[in-house]
Amino acid sequence: MSYRRIVHVVGARPNYMKIAPLYRAMEEYSALEQILVHTGQHYSPEMSTHFFDELGMPRPDVNLDVGPGSHAVQTARIMEAFEPVLLDRKPDLVVVVGDVNSTIACALDAKKLDIPIAHVEAGLRSFDMRMPEEVNRVLTDRISDYLFTTEASGNENLAKEGVPDSMVHFVGNVMIDSLVTHLPKAMARPTLETLGVSDGEYLLVTIHRPSNVDDQATLRSLIDTLREAAERKPVLIPLHPRTRSNLEKFGWLEDVMSAPGIRICDPLGYLDFLRCQRGAAAILTDSGGIQEESTYLGIPCVTMRDNTERPATITHGTNRLIGNDRSQILAALDTALGTRSGAHPVPPLWDGKAAERIASVLLS
């Protein structure tokens, strides 16, 4: 079936990088009307403007402005605000991406109104239902009509859950589409000079998961780990708002900012952060998307989590899943720093053309 009016949903910053290449690929179909809805789940005027500009996306047709809140409150607000958009615009299809609250909220609205749903990045599983993202992933897949997977594990997981093969399409990774498109622009930016670091001579760190930063003892251990890591190479930390808030609450922010070898900066735009990833000697993170991007770039990645929903980054990439134990993180970091090389494997179909394959399935 071919669709004529499609609503794309973005809610959190990682969604922009997933929707941007798909929106661009669908522009090739002249009879199609695309409607971009920003739920406002993650929103700051400056950062949102940066992301839309850098990714070449149009401004949203609709901004729901739901703002922050608990998982229940935020999901409910999104559902309440999104339903009138569907009733007014009457789309033939709703496209949701990833695993944030906007994903499941908008999918639920569409399902209750009998509007077909396409879930991009379907089938990923950490098998840890304590993670809100895992709940969102599983439930969104259960009610979607098109499930677009990024790696073989996604197909395997959906098959075990009883999803018919006809609904599942292995297309590759749209995050990598954005990376391939924008890497040359990122490399031309003076980001490293501005931040005072040099190619291959620093460690890039991101931490924001509640399991790592909300618990006082765990966060203290990670800070001490990063202090030791900084004895190997300077550490650059674009500080997530949640992490900053907890450092302030526990009274440790000044301590971290003044630690030898540790450099703190505000969250970066997409291009600047991509440049930082490409120039790092190694990356320490608890992010899902960074596991994927570092795999494509061939940058060693130490993931400070007990599980990952992206196993291809381990089997086909440069990722090491370690947890948050101090000694194991440092041991993995030492191994990573000693093994970086130019040649590296990349998971199948991570070639910058995933969005074209999705558009072909939906619109041919």
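The values are calculated or read from the model by the stated rules, or taken from the named source; none is laboratory data. As the structure is a computational prediction, the values presented were derived from the model and not from experiment. A quick note on method: Cβ atoms are made from the backbone with ideal geometry, for glycine too, and the neighbour counts reach across all protein chains shown. Note: accessible area is taken over every heavy atom of the protein model, side chains too, but ligands, DNA and RNA are not part of it. Shrake-Rupley method; radii C 1.70, N 1.55, O 1.52, S 1.80 Å.
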**Report entry** Cα gyration tensor, the stretch 217-364 - rounded (a/c under 1.5), prolate or oblate
**Finding:** prolate
Report task. Express the accessible area of the stretch 4-94 per residue in Å², computed with a 1.4 Å probe while the remaining protein chains stay in the model. Result -> 45
Report summary line: Relative to the compact-globule estimate 2.2 N^0.38 Å (N residues), the Cα gyration radius of the chain stands at a ratio of 0.97
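How much net charge surrounds ARG142 when only the other residues with a Cβ under 12 Å from the Cβ of ARG142 are counted, with Lys and Arg +1 and Asp and Glu -1? Before the final figure, lay out the partial values.
Working: positive: LYS111, ARG137; negative: ASP141, ASP145, GLU161.
That works out to -1.
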Report summary line: A student applying the Cα gyration tensor rule (rounded when a/c is under 1.5; otherwise prolate if a/b is larger than b/c, oblate if not) would label the stretch 157-287 oblate
Query raised in the report: Relative contact order, percent, of the stretch 157-241 when contacts are C-alpha pairs under 8 Å separated by at least 6 residues?
Result: 28
Report summary line: Share of accessible surface on carbon and sulfur in the stretch 63-134, whole %, 1.4 Å probe and ligands ignored, is 56
Query raised in the report: Over the chain, what is the relative contact order in whole percent, taking alpha-carbon pairs under 8 Å and six or more residues apart?
Result: 17
Report task. Given the options GLU80, GLU193, GLU292, state which has the largest fluctuation in a GNM of the chain using a 10 Å cut-off (strictly under) for Cα springs. Result -> GLU193
Requested in this report: Using only the Cα atoms of the stretch 1-87, build the gyration tensor, take square roots of its eigenvalues as a ≥ b ≥ c, and label the shape rounded, prolate or oblate: rounded if a/c is under 1.5, else prolate if a/b is larger than b/c, else oblate.
Outcome: oblate
Report summary line: With Cα springs under 10 Å, the Gaussian network model of the chain assigns the largest mean-square fluctuation among GLU293, GLU83, GLU231 to GLU231
Report task. Calculate for the chain the 222 nm mean residue ellipticity that helices alone would give, adding -39,500 (n - 2.57) per DSSP H run of length 4 or more and normalising by residue count, nearest 500 deg cm²/dmol. Result -> -14000 deg cm²/dmol
Query raised in the report: Dividing the alpha-carbon radius of gyration of the stretch 151-234 by 2.2 N^0.38 Å (N being the number of residues), what value is obtained?
Result: 1.68
Query - Coarse-grained scattering of the stretch 290-364 at q = 0.13, 0.16, 0.28 Å⁻¹, given as base-10 log I(q)/I(0) from a Debye sum over alpha-carbon atoms - result: -0.45, -0.62, -1.27
Report task. Could you state the angle between the C-alpha long axis of helix 326-337 and the longest principal axis of the C-alpha atoms of the chain, as a value from 0 to 90 degrees rounded to the nearest 10? Result -> 80
Report task. Please give the per residue accessible area of the stretch 213-254, computed with a probe of 1.4 Å over protein heavy atoms only, in Å². Result -> 46
Requested in this report: Under a cut-off of 19 Å between alpha-carbon atoms, report the lysines in cross-link reach of LYS90, not counting same-chain residues fewer than 8 places apart.
Outcome: LYS111, LYS112
Report summary line: Rounded to the nearest 5, the percent of DSSP beta bridges in the chain running antiparallel is 0
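Return the tail of the calculated pair distribution for the stretch 56-148, meaning the percent of Cα-Cα pairs more than 20 Å apart.
35
Tell me, what % of the accessible area of the stretch 225-339 is carbon and sulfur with a 1.4 angstrom probe?
Here it works out to 47 percent.
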**Report entry** Those lysines that a straight Cα-Cα span of less than 19 Å connects to LYS353, excepting residues fewer than 8 apart in one chain
**Finding:** LYS18, LYS185
